[in-house]
1. Output the residue which, of all residues in the stretch B:285-296 that are farther than 18 Å from B:PRO367 by Cα, in a helix (DSSP H, G or I) and within 21 Å of the chain's Cα centre (by Cα), is nearest to the other protein chains (Cβ to nearest Cβ).
2. Just one of (1) more than 8 Å from chain A (Cβ to nearest Cβ); (2) surrounded by fewer than 24 Cβ atoms within 10 Å (Cβ to Cβ); (3) within 18 Å of B:ASP420 (Cβ to Cβ) trips up B:VAL481, so point out which.
3. Taking the condition of a type in the set (Val, Ile, Thr), outside any helix (DSSP H, G or I) and not assigned by TED's automatic domain parsing to the domain that holds B:LYS149, does B:ILE87 pass?
4. Within the bounds of the stretch A:297-309, is there any residue that is closer than 24 Å to A:VAL257 by Cβ, more than 9 Å from every other protein chain (Cβ to nearest Cβ), in contact with a helix residue (DSSP H, G or I) (Cβ under 7 Å, 6 or more places away or on another chain) and acidic (Asp, Glu)?
5. Would you check which residues across the stretch B:194-232 are polar (S, T, N, Q) and under 14 Å from the mean Cα position of the chain (by Cα) and list them?
6. Here are B:GLY557, B:GLY479, B:GLY491, B:GLY501: which of them is over 35 Å from the mean Cα position of the chain (by Cα) and touching a residue at least 12 places away in the same chain (Cβ under 8 Å)?
There are 2 protein chains.
Amino acid sequence: MVNNMDKRVGVLGGGQLGAMLAEAANLLRIPVNVLDVGHSSAKQISNLGDHVEGSFKDADAIRKLAASSDVVTVEIEHVDTQILEEISNAGADVQPHWRTLRTIQDKYTQKEHLISNGVATAQSIPLKSATLKDLAEAADVLGLPLMLKSRKEAYDGRGNYAVKSKVDFEAALEALGGNRALYAEKWAEFRMELAVMVVKTRDDVLSFPTTETVHENSICKLTYTPARGVSSSIDQRAQDLARKAVACFEGKGVFGVEMFLLQNDELLINEIAPRPHNSGHYTIEACGVSQYEAHLSAILDLPLKQKSLRLNQPAIMLNILGGETENSHLKVVEEALKSDVRPKIHLYGKGKARKGRKMGHLTITAPTMSEAEEIIQPLIDFVDAQNSTTTQTTGTTTTTAATKRKRSPLVAVLMGSDSDLPKLAPGLATLRLFNVPYTTRITSAHRTPDAMAIYARSAASLGIEVIIAAAGGAAHLPGMVSAYTPLPVIGVPIKASMGDGMDSVLSILNMPKGVPTLTVGLNNGTNAALAAVRILGLRDRGFREAYVEFMREAERGVLEKDGRLVEVGDEVYLEGME
Amino acid sequence: MVNNMDKRVGVLGGGQLGAMLAEAANLLRIPVNVLDVGHSSAKQISNLGDHVEGSFKDADAIRKLAASSDVVTVEIEHVDTQILEEISNAGADVQPHWRTLRTIQDKYTQKEHLISNGVATAQSIPLKSATLKDLAEAADVLGLPLMLKSRKEAYDGRGNYAVKSKVDFEAALEALGGNRALYAEKWAEFRMELAVMVVKTRDDVLSFPTTETVHENSICKLTYTPARGVSSSIDQRAQDLARKAVACFEGKGVFGVEMFLLQNDELLINEIAPRPHNSGHYTIEACGVSQYEAHLSAILDLPLKQKSLRLNQPAIMLNILGGETENSHLKVVEEALKSDVRPKIHLYGKGKARKGRKMGHLTITAPTMSEAEEIIQPLIDFVDAQNSTTTQTTGTTTTTAATKRKRSPLVAVLMGSDSDLPKLAPGLATLRLFNVPYTTRITSAHRTPDAMAIYARSAASLGIEVIIAAAGGAAHLPGMVSAYTPLPVIGVPIKASMGDGMDSVLSILNMPKGVPTLTVGLNNGTNAALAAVRILGLRDRGFREAYVEFMREAERGVLEKDGRLVEVGDEVYLEGME
């Protein structure tokens, strides 16, 4: 077989991550040996390898897995690295390296390792013992609030406690258990949580696009890719930081890098997972190569290029979590099946649900984020309604509210002054008629040249797809905006207080070769809006279809008038017009 | 479990179609029982059900499968329908209906059934016996050339013989074997082969988009979706015809409908497969719901809506066929792995290759067909180069050459007269600079109003995304084109022989509210082209990135000039300009 595709991959753990890894392996007919107890998620859909019965923490079972596998990898970092060290020394190919797993599974040593490699992460202090005294000492250094965390075996918010004030000290220590090693982490006042999946291959460190993650009760609820309202420069910085972080670990494979975007746009690493990650599920449908195929490619040395990790389409992932009753998560599946546009449904076959357990996920991809949001929103509403009856507030969890958001704007309507707004009203009404999400901004080429430049430069990375700019007189705004953006710019000349408006028209129309503005007639914001809908129709069939219907409607309207004119004659018709 | 998702699906046959059905079932954790011999393709990746050992033609094995399954379906139509009738009468749920399978597996009765239901298909005559006399009689009715076909057990061109003239009679009868039931089919002079996957649910008949299929040596080589150069009205007619054809069969499930698009745009059904089909593989990556998930949804009565079958992105599928040597198909996989943008690789795990055997397939999706074509072309070239050393020409196969095609145009540049062409030359050069596939057309609002209307009306469905129209004087072309299309139209005013060109500008700019044209400066085709590239950037990151680079380059150019002006002073600079 070419390219190591006949090598047998042994996986410690057979949960959903192992299962999705096996799905990717199935497509390439790469044999996978799963080590887990019973007919676990991964074993249910994999029949190419020799599965091993036993716990992924059982030393003998791991030795047995290693004996029947050419590469050994993990779907969870909470593994016995002593055994991995032993089999590695005996010649087994363990990816990523056991030292990487050992460093990462202790969150404090993980942080220390990152800091010693110059990677930005939150300041952290280990507690010598789980006592009030040691916690108070840490709080003196880090300030309050702070996050108290278990060093090991913590995930999905378990093992974390948000310590708001001294009053919480006792409850925090009690919640995290008397005997566990703890550390305190400086509170990060973030405006958003982001994640980047990184692929460490033999020769390269590659990254998937930056994802926005939305947590509820410390459990990932939703991911949005590309991250909404995040400029391409932040996306790039996030990918750079994630690659830098992963580069300082040994071995091959994918790594999930969770980070905070602070209020000042600074990025801080939160945690790293040395394996496929919930925040990367979207890659299955949205990227040419998924995080799972990328992991296989990395550990088997299959050639993989950065371009293959690009986003084909915006994607939203919604986790299907266990609810109050054993079957409440199945109601979400039922809703998803009934959707007009059915999202891709992934069920994990994990048996009985318990509250917060990850039972599956949904992914919707669409030509625009705006369309994806529209499709998924009823399902988010359904999940929220299910939970609203049972909302919990516990001190052990931090909550990022997944509040309902307005759809991301696709069109920015810019004007130099609010005096232009009434002239643009018919155009804005047209955008609303077509249900185009838009934003209106006042920015002046002459009075706020810097603000205008900043906005025009960042519009594309904010998800804007068409800019409409209106101006009168020495009407520089459309052309100046065009100078700063690769987006199509439609200029609307507004008749100024003096002259016939030709000054406005020519100021917009006669741009030099190299910097196009697309001009419509004087005061004709309606046509600018219609042209924007036509342009959006390139990516979004909904707009195209609505536009075709609009043309038919306009045709019908004129034909009806003509019919009436023929019927009643011009004199009666004229009377009717009065 | 909600919605029948715990029902066990029994499948006759465990080849690649059964395997991909099992993949879709895996995601939903629907248990699948595969009946096939040994560790066949489907069994390799399915471990949720109770597979049955045995041939899918073995009556006892089928009875055993039925006993352990809630629904029985097929991945191949060449099954023993007597047994299916028996188990059906005994209460088994067989989908689609055994009568449907019996009618379809005999291609002549299939054709008769379609004709009796008023579905357009090629005229066919059964041969009483496989004799020269009976073939000559059929030729008298149908004319020559004609297709001589086996009524049963024919697929991938086996069992077909193109009879060009009387000289071929003997060879044809010999090739198709003396004892088989044969029929003769009227020769279809098609310009293209199309296929539509249809989903027959309990309550509905739904259709996927129309696919273009390219055959080589009578075996499907490539599919393109949407079909290239096919208008949306033909797409719609093809879907309508396919749904009508499938509606006249009993039972539930997906059906592959192959058809011919004749020179006069008429559509004729070629063949129907009562199961998932090679021409529908693209749906796995390109549609929200794949043909396999649709099949499961249909036979299990899961709710499914037409919108879920829509195309998310253009897709090209390339079959990986067995070649001259046992491993030559793996070379294609190796090439695919090395691609800059890796296509999705599906291997079937079918063991040894033989020439023409379907060993796997590749699917590439991209924001535009043009981009997908660019990514896949090197792999098509690789396959063609592999085959060119061993090209076969046999009388038993018809060949549709998969010749290299120009990329489908994204921009149409229209002008009323070829005298406008020189003025547009810089704009066309700009399109070439950005590697935008475009077409130039001469069409006049005044001299060829009908031709203009027809072109403008069909441009969108031909894959055109932006129209540039140039005109001078009473410059009606851009506005008139805009009146017929939902696409963005950019008008380029051309200075006429008299006046300052303002007539051209205003004729394009001052369109009534409701019919936008986007106007650029006089003679400024360059800016029209640049604006088109900006618009295309909405769907195709390649264009967006190239445009950003173009802006940087332009900035550098001016800054360099400024540097030189500062350095040498204006007098020397002026000398340099002379």
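1. B:GLU293
2. Every listed condition holds for B:VAL481 apart from (2).
3. The answer is no for B:ILE87.
4. Yes: one or more hits.
5. Initial filter on the stretch B:194-232 (polar (S, T, N, Q)): B:201, B:207, B:210-211, B:213, B:217-218, B:223, B:225, B:231-232.
Of everything in the stretch B:194-232, those that are polar (S, T, N, Q) and under 14 Å from the mean Cα position of the chain (by Cα) turn out to be B:SER207, B:THR210, B:THR211, B:THR213, B:THR223, B:THR225, B:SER231, B:SER232.
6. From the options B:GLY557, B:GLY479, B:GLY491, B:GLY501, the qualifying one is B:GLY501.
This table checks each residue for (1) surrounded by fewer than 23 Cβ atoms within 10 Å (Cβ to Cβ); (2) of a type in the set (Lys, Arg); (3) at pLDDT 95 or above; (4) not in a loop (DSSP other than H, G, I, E, B).
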site: A:GLU193; (1), (2), (3), (4): yes, no, yes, yes
site: A:ASP235; (1), (2), (3), (4): yes, no, no, yes
site: A:VAL246; (1), (2), (3), (4): no, no, yes, yes
site: A:PHE249; (1), (2), (3), (4): no, no, yes, no
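For every residue, the table says whether it meets (1) in a strand (DSSP E or B); (2) over 17 Å from A:GLU465 (Cα atoms).
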site: A:ALA412; (1), (2): yes, no
site: A:SER419; (1), (2): no, yes
site: A:PRO422; (1), (2): no, yes
site: A:PRO426; (1), (2): no, yes
site: A:LEU431; (1), (2): no, no
site: A:THR440; (1), (2): yes, no
site: A:ALA445; (1), (2): no, yes
site: A:ASP450; (1), (2): no, yes
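The values are calculated or read from the model by the stated rules, or taken from the named source; none is laboratory data. Only a predicted model underlies this, so the values are computations on that prediction, with no experimental measurement involved. Neighbour counts are summed over all protein chains in view; Cβ atoms, including those assigned to glycine, are modelled from backbone coordinates with ideal geometry. We work out accessible area using only protein heavy atoms, side chains counted, and drop any ligands, DNA or RNA first. Shrake-Rupley method; radii C 1.70, N 1.55, O 1.52, S 1.80 Å.
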